[in-house]
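A.B. asks: Here it is: the structure, laid out below.
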Amino acid sequence: MKKKNLKILLAAPRGFCAGVDRAIEIVKKSIEKYGSPVYVRHEIVHNKHVVESLKKIGAIFVEELSEIDDKTRPVIFSAHGVPKNVPEEASSLKMEYIDATCPLVSKVHREAENLHKDGYHILLIGHQNHPEVVGTMGQIPEGCIDLIENSNDALNYKKKTNKELAFVTQTTLSVDDTRDIIKQLKKRFPEIKEPKKEDICYATTNRQAAVKNIAKKCDMFFVIGSRNSSNSVRLVEVAKNSGCSNSMLMHSESFIPFDKIDFCETIGLASGASAPEILVERFINNLKNKYNITIEESEIIKEDVVFKIPGKLN
């Protein structure tokens, strides 16, 4: 039986960003230097495939330092960043720690700290309970920072103090949604101080732009990434909002919906910043078994950002 023709529009850039690359490298280098096990607080990046592959070489993942039995072993903090009390707790337990926080998240931490020192009350645009948000809010005393999750929150926010307002944002948000929230805040509080350079990271911005570029040409759109990966979930939203209503997240437990793809001529494919390229290749290979595939890569920008790993691991 003749295979059906299927065109794949492949978004680029896609997959690992510099912060994710660095965090994974930190875990591997730590195991090389200290031997196994090495503990990692929270998933190093939000991807099951990455976490499982690091477990195999000697990483043990925990949610809190209290779960670590052998306090003589080093602990790594995930790329999402941690509240200030976590390194303080590690120091009080005399534990060696290595911080794998993405430098672009650390930049937001410093912004929040400096704004607090300068007497501002801070609004953080982000998603409740996301580890990055927990980490950023934990840089300054409780009550000095409030979370704004959506336009509705921005519309209904009531000032709690006489302090001037400033805002920072999570690095992995939807560029468009965040723009709307900021517009709403500026309308209500014209004097609100904004970051000199926007906080949404280059990788999030680039991946969303790549998806926007091809979504309207696709009958279906697939984003490879984990359910708890903020940037991957945002990519699905971006694809839907950019003209492909039939867009879905392909996570570790997803099955390829061949029954729906059978009716497609063109599908779009992207991957979140914490999804390894091997998962994209696996997805394409599964399609090749059933369809006659042509791939057209649509690259909007070349990424050449690299973040150094901590000196003590070299």
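A.B. asks: Residues in the stretch 163-194 that are among the acidic types (Asp, Glu) and not in a helix (DSSP H, G or I): how many?
C.D. replies: The number of residues fulfilling the criteria is 3.
A.B. asks: Related question: As an exercise: evaluate Lys163 against (1) in contact with a Cys (Cβ under 9 Å, 6 or more places away or on another chain); (2) under 30 Å from Glu296 (Cβ atoms) and give the number of the one condition it does not meet.
C.D. replies: Tallying (1) in contact with a Cys (Cβ under 9 Å, 6 or more places away or on another chain); (2) under 30 Å from Glu296 (Cβ atoms), Lys163 fails exactly one: (2).
A.B. asks: Looking at the stretch 48-75 only, could you name the residues that are part of a loop (DSSP other than H, G, I, E, B) and at pLDDT 95 or above?
C.D. replies: Residues satisfying the conditions are Ile57, Gly58, Glu63, Glu64, Ile68, Asp70, Lys71, Thr72, Arg73, Pro74.
A.B. asks: So is Ser36 farther than 29 Å from Asn213 by Cα and free of Cβ contacts under 8 Å to residues at least 12 places away in the same chain or not?
C.D. replies: no
A.B. asks: Just a yes or no: is a residue in the stretch 288-298 aliphatic (A, V, I, L, M) and either within 16 Å of His49 (Cα to Cα) or not assigned by TED's automatic domain parsing to the domain that holds Asn228 (or both)?
C.D. replies: Looking through the stretch 288-298, none of the residues is aliphatic (A, V, I, L, M) and either within 16 Å of His49 (Cα to Cα) or not assigned by TED's automatic domain parsing to the domain that holds Asn228 (or both).
A.B. asks: Would you be able to tell me the number of residues in the stretch 184-219 that are farther than 18 Å from Glu297 by Cβ and not acidic (Asp, Glu)?
C.D. replies: 17
A.B. asks: Which ones in the stretch 218-240 are part of a loop (DSSP other than H, G, I, E, B) and either more than 15 Å from Gln208 (Cα to Cα) or of a type in the set (Phe, Trp, Tyr) (or both)?
C.D. replies: Cys218, Asp219, Ser226, Arg227, Asn228
A.B. asks: Pairs please, first residue from the stretch 153-168 and surrounded by 13 or more Cβ atoms within 10 Å (Cβ to Cβ), second anywhere and of a type in the set (Asp, Glu), Cβ atoms under 7 Å, 6+ apart in sequence or on different chains.
C.D. replies: From residues that are surrounded by 13 or more Cβ atoms within 10 Å (Cβ to Cβ), the pairs are Glu164/Glu191; Phe167/Glu194; Val168/Glu111; Val168/Asp199.
A.B. asks: Restricting to the stretch 201-223, and then to whatever is of a type in the set (A, V, I, L, M) and surrounded by 22 or more Cβ atoms within 10 Å (Cβ to Cβ), can you tell me which residue is nearest to Gly81 (Cα to Cα)?
C.D. replies: If we take residues in the stretch 201-223 being of a type in the set (A, V, I, L, M) and surrounded by 22 or more Cβ atoms within 10 Å (Cβ to Cβ), then Ala203 is nearest to Gly81 (Cα to Cα).
A.B. asks: Moving on. How many residues, within the stretch 241-299, are part of a loop (DSSP other than H, G, I, E, B), among the hydrophobic types (A, V, I, L, M, F, W, C) and surrounded by 13 or more Cβ atoms within 10 Å (Cβ to Cβ)?
C.D. replies: 5
A.B. asks: Anything in the stretch 133-162 that is closer than 20 Å to Val86 by Cβ, part of a helix (DSSP H, G or I) and either assigned by TED's automatic domain parsing to the domain that holds Arg227 or not small (Gly, Ala, Ser) (or both)? List them, or say none.
C.D. replies: Val133, Val134, Thr136, Met137, listed by residue number.
A.B. asks: Could you tell me whether Lys197 is within 25 Å of Pro13 (Cβ to Cβ), without any contact (Cβ under 8 Å) to a residue 24 or more places away in the chain and among the charged types (D, E, K, R)?
C.D. replies: The answer is yes for Lys197.
A.B. asks: Also: Among the numbered conditions (1) assigned to a helix (DSSP H, G or I); (2) in contact with a Lys or Arg (Cβ under 9 Å, 6 or more places away or on another chain); (3) closer than 30 Å to Lys197 by Cβ, tell me where Ala11 comes up short.
C.D. replies: Among (1) assigned to a helix (DSSP H, G or I); (2) in contact with a Lys or Arg (Cβ under 9 Å, 6 or more places away or on another chain); (3) closer than 30 Å to Lys197 by Cβ, the lone unmet condition for Ala11 is (1).
A.B. asks: Could you check the stretch 25-43 and list, in sequence order, the residues that are crowded, with 21+ Cβ neighbours inside 10 Å and either assigned to a helix (DSSP H, G or I) or touching a strand residue (DSSP E or B) at 6+ places or on another chain (Cβ under 7 Å) (or both)?
C.D. replies: Listed by number, the residues that qualify are Ile26, Val27, Ser30, Val38, Tyr39, Val40, Arg41, Glu43.
A.B. asks: Kindly provide the set of residues from the stretch 112-132 that are touching a strand residue (DSSP E or B) at 6+ places or on another chain (Cβ under 9 Å), surrounded by fewer than 22 Cβ atoms within 10 Å (Cβ to Cβ) and either part of a helix (DSSP H, G or I) or charged (D, E, K, R) (or both), ordered by number.
C.D. replies: His116, Asp118
A.B. asks: Related question: Which of the numbered conditions does Arg22 fail, given that it passes all the others? Conditions: (1) surrounded by fewer than 18 Cβ atoms within 10 Å (Cβ to Cβ); (2) in contact with a Phe, Trp or Tyr (Cβ under 8 Å, 6 or more places away or on another chain); (3) at pLDDT 95 or above; (4) of a type outside the set (Ser, Thr, Tyr).
C.D. replies: Against the list (1) surrounded by fewer than 18 Cβ atoms within 10 Å (Cβ to Cβ); (2) in contact with a Phe, Trp or Tyr (Cβ under 8 Å, 6 or more places away or on another chain); (3) at pLDDT 95 or above; (4) of a type outside the set (Ser, Thr, Tyr), Arg22 comes up short only on (1).
The values are calculated or read from the model by the stated rules, or taken from the named source; none is laboratory data. Just so you know, these numbers come straight off a predicted model, no measurement behind them. FYI the Cβ positions are ideal-geometry reconstructions off the backbone, even for glycines, and counts take in every protein chain you see.
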